[in-house]
Amino acid sequence: MKKNTIVFWSCTGADASELSFGTAELLAEHRRALLAELPCLGIPRLGFVSGIMDRSRNTESALMCFDQKNCLTWDLVHQVNQKFAVLPASVFATPDCPIVTRVSFSTLMDFVTALRELAWARGCRHLILDCQGQLVNPMTFFSLKAADQVVIPLAKPTEAAYALASIRRLIQVYKHRPEKFILAAVGDIKAIERIVYAKGKEKENLKGIKVTSWDSRKIKMALDQSFVFDDEDLQEEGDGGSNGKETTADQPGLASQPFFGFEKEVPWGALLNEEASSWELRQDYFPTQAGAGNERETGLVYL
């Protein structure tokens, strides 16, 4: 069965929770979907849109569970209907003390893989992730790495330049395909299309980026054109998945696989020393791994 991971990435800071929620609802009309909000910045949004305000069943609880037990269970997820489930960030969270500062770095790296395995085990065909962070945030970085399609909402045309710069970094350095990116713009999309076209002439690797309107139905149409499902996928689905509590402790995470190699690697803890803090362009640190086999060490790379 074909499955896919979709990321709504608000790299410009736009609030796209209504857009991601509406698109996920439309996708779930045909195939099971799980929508999860990753608290990269500690700012909850999806809970207010979905009306789910639960102190114990949220992404923060799932992260703590995974950090302590190395497993996830479906009882943390809110089942909206038979085909649609939501895992929002806690609306009671405090942005000045986000959950990402209280769990290990390996948890942030592996959480998306664990969440994806949990969704597939329950028979979901779509995993939709709502991300707010920049590339330096591990959860955002590995979400984008795992994504089949990335939707970037643009609240105004001036945000296109920043979004395209981020996309260019992902394409050039991390070998993402330009076809996986969809820009969803407010208002007349012609201006965005002209910007993408102009930048595409300057940088050949930007060709293939799609542009559509800030509209859930338009985004679903763009996603449907990107995903090809088998004929059997069009049949009505039953309950699917397991009835028990699925765990992902035995599933290989992203951290167990070698990533990209670079010339200059800096241990994660080096961010706290004077040498690292004195470097400019701190936003150009990216997660990587050094070493080989079981001795591989999580670290950062400075480009």
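Points to keep in mind about this one:
- Förster radius 45 Å - calculated FRET efficiency between residue 43 and residue 190 (Cβ-Cβ, nearest 0.05): 0.90
- Estimated FRET transfer efficiency (residue 68, residue 224; beta-carbon r; R0 35 Å; 0.05): 0.35
- In segment 4-235, a dipole from Cβ-located charges (positive for Lys and Arg, negative for Asp and Glu) runs towards its positive end, and of 178, 225, 61 it is 178 whose Cα lies farthest in that direction.
- Förster-model FRET efficiency, 30 Å R0, residue 156 and residue 136, C-beta, rounded to 0.05: 0.80
- ³J(HN,Hα), Karplus 6.51/-1.76/1.60, whole Hz, each residue of segment 136-152, x for Gly, Pro: 6, 7, x, 5, 5, 4, 7, 5, 5, 5, 7, 6, 8, 9, 10, 9, 10
- Here's how it looks for residue 45: its modeled amide H is under 5 Å from those of 89, which are all 5 or more places away or on a different chain.
- Over 30 Å apart at the Cα level, from the set 3/156; 175/218; 2/190; 3/218; 69/220, are 3/156; 2/190; 69/220.
- Cβ crowding within 10 Å averaged over residues, with 141-148, 194-201 ranked highest first: 141-148, 194-201
- Applying 0.36 nm per residue to the separation of residue 55 and residue 146 and subtracting their alpha-carbon distance, the gain on full extension is 29.9 nm.
- Size of charge dipole - segment 4-235 - debye, nearest 20, with Cβ of Lys, Arg +1 and Asp, Glu -1, no other charges: 620
- Rounded to whole Hz, the Karplus (6.51, -1.76, 1.60) HN-Hα couplings of segment 21-32, x for glycine and proline: 5, x, 5, 4, 4, 5, 5, 6, 5, 10, 9, 4
- Percent of C-alpha pairs per 10 Å bin, segment 4-235, short to long: 8, 35, 36, 18, 3
- Electrostatic tally near residue 95: other residues with Cβ closer than 15 Å to its Cβ, Lys and Arg +1, Asp and Glu -1, net -2.
Since every read-out is calculated from the coordinates, none of them should be taken as a lab result. As the structure is a prediction and not an experimental result, all values here were calculated from the model. Note: ideal-geometry Cβ built from the backbone for every residue, glycine included; neighbour counts use all protein chains shown.
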